[in-house]
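S.K.: Sending over a structure as structure tokens; questions will come in a sec.
The values are calculated or read from the model by the stated rules, or taken from the named source; none is laboratory data. Keep in mind it's a predicted model, so treat the numbers as computed, not measured. Reconstructed Cβ throughout: ideal geometry from the backbone, glycine too, with neighbour counts over all protein chains shown. Protein only, heavy atoms only, side chains kept; ligands, DNA and RNA dropped before computing areas. Shrake-Rupley method; radii C 1.70, N 1.55, O 1.52, S 1.80 Å.
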Amino acid sequence: MPKIVIVDTSFDDLRICEDLVRQAGMELAVFHDPSEDGIIKNAADADGIITSYGQFTKRVIDALPKCRVISRTGVGVDNVDIPAATARGIAVCNVPGYATDVVSDHAVTLALAVLRRITELDANLRKGQWDFLVARPFGQVYGRTFGVVGMGNIGRAVAEKARGLGFRVVCTSHSLQPGDHTPEGFPVLAYEDVLRQADVVSFHTALLPETRHLLDADAIALMKPDAVVVNTSRGPIIDTKALAEALVEGKLFGAGLDVFEGEPISPDDPLLAAPHTVLTPHAAFWSEQSGAELIRRATQAPIEVLQGLVPHDCLNPQACKR
């Protein structure tokens, strides 16, 4: 009987996963250790693996002799060495598109919450302070430019929603040529020009060596002093130490962040003490609807590989043909 192992998960309800695996006539085991040694220990006999944050280095992959598929419960796969997996004939699958609507909702919400000082006003009111003036300055949508960095599915959804609210929207992406327009009509600018022009800069790009600390101190220096930074992509896209320093020094209007360089965020992270921030615990991807879709698709992919099929969301389909 083929065995699927969940090496780590943050989901408290796995009934969808359990039902799918049982219906496929396979065995399921669940663990909660994403470390390299934990994966090697717990998944040594796995035919298929489901993971959220497990670190699948070449060392780990070489220690999984039976494994035929690794399924990531999310979009990004920077925690999996795909070339090493491919060399061993291990398919790597992800779940693109499952959270496009909810992440784009969250990104726009963070931008508005920072502009309107929503969390600050709420905290003051709960302390008995009936005075909105203490939270000034306030921002608004009208007359402001919203910059989108990364125009994949989520970036495009954010751009559409921001335009619907009344923002002027500009964008940048490695796959788009500055000076052109997207099919939706958004002007494409160079990254540096987005930083210079935008009143809100929202990041929706993958974490790659070239995008790590894409927003650093030098990039922040290009931005308007009343600009807002939003990140719902990957924490290391932003040099958060530099961002915290800019906020403390009043060089930015504020920041709305759902992802961080270290997760969970450290209690001594400077962002926690930085002013005018709205911070959420990597929650942008989740709604009850998106969560159910995520679990279902992340489970269905390894089942299909073990049944001799090539899942639609397989990143290295050649590995399925070995």
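S.K.: Give the accessible area for Leu279 in Å² (nearest 10); use a 1.4 Å probe, count only protein heavy atoms, and leave out ligands, DNA and RNA.
M.R.: 60
S.K.: Explain nothing, just the number: dipole magnitude of segment 1-63 about its Cα centre with +1 on each Lys and Arg Cβ and -1 on each Asp and Glu Cβ, in debye rounded to the nearest 20.
M.R.: Magnitude of the dipole: close to 160 debye.
S.K.: Follow-up. Within 10 Å of each candidate Cβ there may be at most 16 other Cβ atoms; applying that plus a DSSP loop requirement, which trypsin sites (Lys or Arg not before Pro) in segment 177-244 survive?
M.R.: Values: sites: Arg196, Arg212, Arg234, Lys241; in loops: Arg212, Arg234.
Answer in residue order: Arg212.
S.K.: Where does the chain land at 222 nm, in deg cm²/dmol rounded to the nearest 500, when only DSSP H runs of n ≥ 4 count, each adding -39500 (n - 2.57), divided by all residues? The partial results should precede the final answer.
M.R.: Details: 11 runs with 106 residues, N = 322.
One gets -9500 deg cm²/dmol as the mean residue ellipticity at 222 nm.
S.K.: Among the lysines, which fall within straight-line cross-link reach of Lys251, defined as a Cα-Cα distance under 16 Å, with same-chain neighbours fewer than 8 residues apart omitted?
M.R.: Lys224, Lys241
S.K.: Karplus couplings for segment 6-19 from phi (6.51 cos²θ - 1.76 cosθ + 1.60, θ = phi - 60°), rounded to Hz, Gly and Pro as x?
M.R.: The phi angles translate into 8, 7, 6, 7, 9, 8, 8, 10, 10, 4, 4, 4, 4, 5 Hz.
S.K.: Separate question: So who's got an amide H within less than 5 Å of the one on Gly256, skipping anything under 5 residues away but keeping other chains? H placed 1.01 Å off N, in plane.
M.R.: Val229, Val230, Asn231, Val278
S.K.: Sticking with this one: Using θ = phi - 60° and the Karplus form 6.51 cos²θ - 1.76 cosθ + 1.60, what ³J(HN,Hα) does each residue of segment 257-263 get, whole Hz, x for Gly and Pro?
M.R.: Residue by residue, segment 257-263 yields 10, 10, 10, 9, 5, x, 10 Hz.
S.K.: Further question on the same structure: Calculate the spin-label point distance for Asp78 paired with Phe138, positioning each point 7 Å from the Cα along the beta-carbon direction, and give it in nanometres.
M.R.: A separation of 3.7 nm, rounded to one decimal place.
S.K.: Rounded to the nearest Å, what's the spacing between the alpha carbon centres of segment 1-75 and segment 224-292? Just the number, please.
M.R.: If you average the Cα positions of each part, the centres end up 30 Å apart.
S.K.: Shifting gears a bit: Using only the Cα atoms of segment 116-217, construct the convex hull and provide its projected area averaged over every direction, in square nanometres to one decimal.
M.R.: Values: hull surface 33.2 nm².
Average projection, Cα convex hull of segment 116-217: 8.3 nm².
S.K.: What GluC sites (Glu not before Pro) does segment 190-259 have in DSSP loop regions with at most 13 other beta carbons within 10 Å? Write out the running numbers ahead of the final one.
M.R.: Values: sites: Glu192, Glu210, Glu245, Glu249; in loops: Glu210, Glu249.
Answer in residue order: Glu210, Glu249.
S.K.: Something else: Taking the Cβ-Cβ separation of Glu210 and Leu165 as r and a Förster radius of 41 Å, what is the calculated FRET efficiency to the nearest 0.05?
M.R.: Values: r = 31 Å, r/R0 = 0.76.
About 0.85, to the nearest 0.05.
S.K.: Here's another thing I want to ask about it. Under 26 Å Cα-Cα from Lys321, which lysines qualify once same-chain neighbours fewer than 8 residues away are excluded?
M.R.: Here the lysines satisfying the reach criterion relative to Lys321 are Lys3, Lys58, Lys66.
S.K.: If you don't mind, there's one more thing I want to ask. Keeping all protein chains in place and using 1.4 angstrom, which order do Met223, Met1 fall into by accessible surface area, from largest down?
M.R.: Details: Met223 15, Met1 160 Å².
Descending accessible area places them as Met1, Met223.
S.K.: By how many nm would the segment from Asp226 to Leu14 grow when fully extended, if each residue of separation counts as 0.36 nm and the alpha-carbon distance is taken off?
M.R.: Numbers: separation 212, 0.36 × 212 = 76.32 nm, distance 4.43 nm.
Going from the current span to full extension adds 71.9 nm.
S.K.: Suppose we keep just the DSSP beta bridges with both residues in the chain; what percent of those would be antiparallel, to 5? Spell out each step's value before the answer.
M.R.: On the way: 2 of 39 bridges.
Bridges in the chain are about 5 percent antiparallel.
S.K.: Calculate one ³J(HN,Hα) per residue across segment 177-182 by plugging θ = phi - 60° into the Karplus curve 6.51 cos²θ - 1.76 cosθ + 1.60, and present them in order as whole Hz with x for glycine and proline.
M.R.: Result, ordered by residue: 8, x, x, 8, 10, 6 Hz.
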